[in-house]
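What follows is calculated from the coordinates using simple rules that are stated; it is not laboratory data. Predicted model, so just to flag it, every value in this text is computed and none were measured. We place every Cβ from the backbone using ideal geometry, glycine too, and count neighbours over all the protein chains shown.
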Amino acid sequence: MKRLLQLLLTVYIGLTAATLWADDLKPQITTGPDDKNGRYMFNITLHSAQEISGLLERAEMLSKTTRDLKNTPGIALVLHGPEIEIFARSNYKKYKEIVDKAAKLDGDSVIDIKICKTQMGIMGIKEEDLPGFIEIVPYGPDEEKRLKEEGYVSL
């Protein structure tokens, strides 16, 4: 009986610790003094379509927090990696859900997607290959720096 109680206690402690550890890994939306305007920036490189979709979901959730800047995108997504291909017109059928969601969030002034022209050149993607709601910036890392200077918080 004593051994059974010890085993149950060990299992209980293990499960409690695992639950607490898992809670620490869940994405959390926080606000603090650095993001008083609710302006966020996602630096995006080497993300899969599934991760981009998740980022759009997170952007939508963040948009529901109060922001001082209404009708101004509070979330900038700066893409400068292979994930740019998700938004190429030639891949629209494959990534329709993601592109349509991004277009809707852009139209609702929730997000502003920016794509690095330098990376586009490397990948052979032309400006006309991308939807009109995408903003093309000369160099992704410089755009991230500019956004930080404007008060965006990097996520």
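Take the alpha carbon gyration tensor of the range 77-155, find the square roots of its eigenvalues, order them as a ≥ b ≥ c, and report rounded if a/c is under 1.5; if not, report prolate when a/b exceeds b/c, else oblate. Write out the running numbers ahead of the final one.
On the way: a/c = 2.21, a/b = 1.24, b/c = 1.78.
Taking the square roots of the gyration eigenvalues as a ≥ b ≥ c, the range 77-155 is oblate.
Hand me the trypsin sites (Lys or Arg not before Pro) from the range 91-129 located in a DSSP loop with no more than 13 other Cβ atoms within 10 Å, in residue order please. Don't jump to the answer; show the numbers that get you there.
Details: sites: K93, K94, K96, K101, K104, K114, K117, K126; in loops: K126.
Listed in order of number, the matching sites are K126.
What list of ³J(HN,Hα) values in whole Hz, one per residue of the range 75-89 in order, does the Karplus curve 6.51 cos²θ - 1.76 cosθ + 1.60 (θ = phi - 60°) give from phi, with Gly and Pro shown as x?
Ordered by residue, 3J(HN,Hα) equals 10, 10, 10, 9, 9, 8, x, x, 5, 4, 4, 4, 9, 5, 4 Hz.
Can you pick out the pairs among K93/K148; K94/K145; K94/K117; K93/K114; K64/K126; K64/K148 whose Cα atoms lie more than 29 Å from each other?
Exceeds cut-off: K93/K148; K94/K145; K64/K126.
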